[in-house]
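Working notes, beginning with the structure itself.
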Amino acid sequence: MAITAKRREADASGHSDPQIAFAGVTLELGGKTIIENLSLGVQPGEFLCIVGASGCGKTTALRLAAGLYQPTSGRVNFDGQPMLQPRREIAIVFQDYGKALLPWRTAAGNVSLALEAGGMPAADRPARIEELLRTVGLPGHAGKYPAEMSGGMQQRLQIARCLAQEPKTLLMDEPFGALDAMTRQGLQDEVLALVAASGATVIFVTHDLDEAIYLGDRVIGLLPHPGRIGIELQVNLPRPRDQLSTREQPEFLRLRRQLFDFIKATEQ
Amino acid sequence: MSRKATIWLWRAASFAVAASFIALWQLIANLKLVSPVFLPGPDRAWASLMRGFSNGDLWSKLAGTLEHMVYGWLVASIAGIAIGAIIGSSKLMRTYVAPSLEFLRPLPVSAIIPVAIAMLGLTQAMALFVIAFGAIWPIMLATIHGFAAVEPRLYEVARSLQMSRLAVIFKIALPSASPDILAGMRLSVTVALILSVVCEILAGLDGLGHWVLLSARAFRSADLFAGVILLGITGYVTSVAMSMAEHRLLAWQAAQR
């Protein structure tokens, strides 16, 4: 709850330094403008969701935040420093978990990769790996290869590897897009709990509008061709959120209607 | 029928086929359809094989051939993986170097032998060069392919973990390319055996190739066949050993199927 308090404090003072700041960011790839003049600040501990029609540049925005792309003009800052390359404090959960995991390493080995990169001594790794696998609900699966796990388990494993980076910021690119509805809801709640426990800042890209409102403190809708901000909604739903009661609240339904109307308008 | 029983039945059948080939060979030899000067029966070939082992002649020849094969193959593997990794991990290199490789690759290695003899003489160094040159191609091309086919997403994971270049090669690229590399190494070991024999025959280097040549020239057909049989066994054993090593090293692949 300390995070919520910190966030509220930031809101009240109104000028806390953003952890991630886009300042007039434009990105051109292959002669096409993907993102145009995007300015956006994400506060420490904030859970920001980005939605939009396919091809609106939401994944691109996430890759800019990750340092995987450099803006053509404008700046992306992390903790006040320009993002010139990816950094370990920023973890990325990719949608295609099957491609983002090392098939030749077991679950434990995949988590270990991040610990190795962080320079943790070999002797300290097993205990930390076990702890992380337990955190994401995969105790007892340490010896399994990714191919022996279900999609939901593989995505949990990728999240465990990202947590092993001890990230200040977690970037999630449609992480549950390929999962079935039940698994997805379970993982939504788990991610909320993990984020609340770690205090990490999250940028969460999704095409599922309900998911965005359910998870986020703030939801941004992008307009396509080129990508730019079309709508910004503050989500003042109480936490912890609940799959049934949160989704029944009038405020949830109001935001949902507003967001659906926006997306419908962009698609015309 | 259980799976296990089926496997044993197949093994028994293939054994029966091999046994009937040997029986046919014995029959042809006994009937003297081919002169015994040129074709010994399996009994005589076997006796010669045993004699060669008991007096140590064949052991030293076998050791010579294995030495040529293994050294050439190791040099080819190390050089092939290193060069293949450099070419495969850079698109620029692939574009510039690949055409030259396509010119060199189909060149018959036998055409290189006179060049190698002219430059290095009838020496072990010549044999090492020729064997390594011939055996490098399957390994190098497989490595290039393996390195070029690494999932780009994994490189992004490596970037976000700020892994060093060396760590990326050893923890991401090499393991990812290992199925290709091992397949290339399995092909190469056969090439290395063939070229060992060729070099021994051409340069008179100590080994089974030389043994076979001398036996043929002296019309000692039983010895000739003993050498050929031993070469066959060598090829078979190395290929089985490679398969077993592959199976062990690539256990993770079994999970994907």
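The values are calculated or read from the model by the stated rules, or taken from the named source; none is laboratory data. Fair warning: this is a prediction, and the values are worked out from it, not measured in the lab. Here the Cβ positions follow ideal geometry from the backbone for every residue, glycine too, while neighbour counts run over all protein chains shown. Note: areas computed on protein heavy atoms with side chains; ligands, DNA, RNA excluded. Shrake-Rupley method; radii C 1.70, N 1.55, O 1.52, S 1.80 Å.
Things to note:
- Failed item, numbered, when A:Val51 is tested on (1) within 15 Å of the chain's Cα centre (by Cα); (2) away from every other protein chain (no Cβ under 14 Å); (3) part of a loop (DSSP other than H, G, I, E, B): (3)
- Region B:177-223, residues that are hydroxyl-bearing (Ser, Thr, Tyr) and either under 16 Å from B:Gly235 (Cβ atoms) or touching a His at 6+ places or on another chain (Cβ under 8 Å) (or both): B:Ser188, B:Thr190, B:Ser196
- Scanning region A:61-82 for residues that are under 19 Å from A:Ser16 (Cβ atoms) and within 18 Å of the chain's Cα centre (by Cα) returns A:Ala65, A:Val76, A:Asn77, A:Phe78, A:Asp79.
- Identification of helices (runs of 4 or more DSSP H) wholly contained in region A:77-142 with 3 or more residues that are facing chain B (nearest Cβ under 10 Å) yields A:97-100, A:107-117.
- Every pair of residues 6+ apart whose Cβ atoms lie under 7 Å, when the first sits in region B:190-205 and is of a type outside the set (Val, Ile, Thr) while the second is buried (at least 23 other Cβ atoms within 10 Å of the Cβ) and assigned to a loop (DSSP other than H, G, I, E, B): B:Ser196/B:Gly207; B:Glu200/B:Gly207
- Search result, residues across region B:53-86 that are surrounded by 20 or more Cβ atoms within 10 Å (Cβ to Cβ) and closer than 16 Å to B:Ser188 by Cα: B:Thr65, B:His68, B:Met69, B:Gly72, B:Trp73, B:Ala76, B:Ser77, B:Gly80, B:Ile81, B:Gly84
- Residue match in region B:123-137 (condition: within 14 Å of chain A (Cβ to nearest Cβ), among the hydroxyl-bearing types (Ser, Thr, Tyr) and surrounded by fewer than 20 Cβ atoms within 10 Å (Cβ to Cβ)): no
- Restricting region A:41-62 to residues that are open to solvent by 20 Å² or more (accessible area, probe 1.4 Å) and not β-branched (Val, Ile, Thr) leaves a set whose member that is nearest to A:Pro224 (Cα to Cα) is A:Gly55.
- Of all the numbered requirements in (1) small (Gly, Ala, Ser); (2) open to solvent by 40 Å² or more (accessible area, probe 1.4 Å); (3) closer than 21 Å to B:Phe53 by Cα, B:Ser239 misses one, and that requirement is (3).
- Criterion violated by B:Ser178 - all others in (1) among the polar types (S, T, N, Q); (2) open to solvent by 60 Å² or more (accessible area, probe 1.4 Å); (3) within 14 Å of chain A (Cβ to nearest Cβ) satisfied: (2)
- The listed residue being closer than 18 Å to A:Phe94 by Cβ and within 19 Å of the chain's Cα centre (by Cα), out of A:Pro167, A:Pro146: A:Pro167
- A:Phe204 meets each of the listed conditions (1) away from chain B (no Cβ under 14 Å); (2) surrounded by 17 or more Cβ atoms within 10 Å (Cβ to Cβ); (3) assigned to a loop (DSSP other than H, G, I, E, B); (4) touching a residue at least 60 places away in the same chain (Cβ under 8 Å) apart from (3).
- Test: residue in region A:171-178 that is modelled with pLDDT under 95, over 15 Å from the mean Cα position of the chain (by Cα), buried (at least 16 other Cβ atoms within 10 Å of the Cβ) and of a type outside the set (Lys, Arg): yes
- Among (1) part of a loop (DSSP other than H, G, I, E, B); (2) within 12 Å of chain B (Cβ to nearest Cβ); (3) open to solvent by less than 10 Å² (accessible area, probe 1.4 Å) - the single one A:Ala65 does not satisfy: (1)
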